[in-house]
Amino acid sequence: MTRNGPVLVIEAGRTERHYWRDLWGYRELFFFLAWRDILVRYKQAVIGVAWSVIRPLLTMAIFTFVFGKLAKLPADGVPYPILVFAALLPWQFMSTAVGEGSNSLIQNANIISKVYFPRVIVPMSAVMVSLVDFLISLVLLSGLVVWYRWWPDWSILALPLILLLAMAVSVGFILWLAALNVRYRDFRYVVPFMIQVGLFISPVGFSSAIVPEEWRLLYSLNPVVGVIDGFRWALLGGAGDIYWPSVVLSALISAVILVSGLRYFRHTERTFADVI
């Protein structure tokens, strides 16, 4: 203790004994990195916040035209634009978080190689940018709900829990990919491809109800499926019959990815400063 307050002591083995205590102690660094990323995203972009509005609206329009007008896929009695937009909310949150978080350690190499702090703070702070995009898109969805007069019911109370599930999926993948990206730089090319493929194998532009019943559980091995189904059920007033095994399976798989990702990240964290 000094006149200016407590002093953080760095000693051999401290990262193992006091890691989670240090994580709380460095919470201000977490908020600083998150705020910095948000400012960079919206201040240095040519159209700033408008891009967070234009992108989901364009995607919604394209998916509505292709899957709703041309393919004429069923929408469970819900206006097709709302069906698509309710799925875009979790998808854009997760894809943006994974895309930003997987490269976060490389982008902050100067800090990581010079200063001690729990490295998990860096990829976790990248999730905050996606959360801001999510809130903006949620306001847009509210406008669509008013326009189409499609009001949610009591099921919207489950939205925070489904959002936590989406965050668990995102953080799990981020921890794995961020750590792998430090050791194998080729992953920076793999991640965008994975996100692109994930968009088409997840029920973003269509309802997962079109999947044949005998394949439904197998299709739900994609943890994003349960997240999207949960968001639609919560936001669209419980419209349609939700396939609960999909949500349960998504929660279980997300827990496995999150725990294993955290273990792998912690196992490789001590080498980041040497190889980054």
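The values are calculated or read from the model by the stated rules, or taken from the named source; none is laboratory data. Please read these numbers as outputs of a predicted model, since none were measured by experiment. Note that we place each Cβ from the backbone using ideal geometry, even for glycine, and neighbour counts take in every protein chain shown. Side chains included, ligands, DNA and RNA excluded: accessible areas come from the protein's heavy atoms. Shrake-Rupley method; radii C 1.70, N 1.55, O 1.52, S 1.80 Å.
The figures follow:
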| quantity | calculated |
| --- | --- |
| Ranked packing of 51-59, 20-28, most packed first, by mean Cβ within 10 Å | 51-59, 20-28 |
| Mean separation of Cα contacts under 8 Å, 6 or more apart, over the residue count of the chain: relative contact order % | 26 percent |
| Length gained when the stretch ASP186-ILE156 is fully extended (0.36 nm per residue, less Cα-Cα span) | 6.7 nm |
| Within a Gaussian network of the chain (alpha carbon springs, distance under 10 Å), most fluctuating of ALA86, ALA209, ALA50 | ALA50 |
| Helix-only [θ]222 nm of the chain, DSSP H runs n ≥ 4, -39500 (n - 2.57) each, per residue, nearest 500 | -22000 deg cm²/dmol |
| Rounded percent of accessible protein surface that carbon and sulfur make up, the chain, 1.4 Å probe | 68 percent |
| Ordering of 96-108, 149-161 by packing [mean C-beta count within 10 Å, highest first] | 96-108, 149-161 |
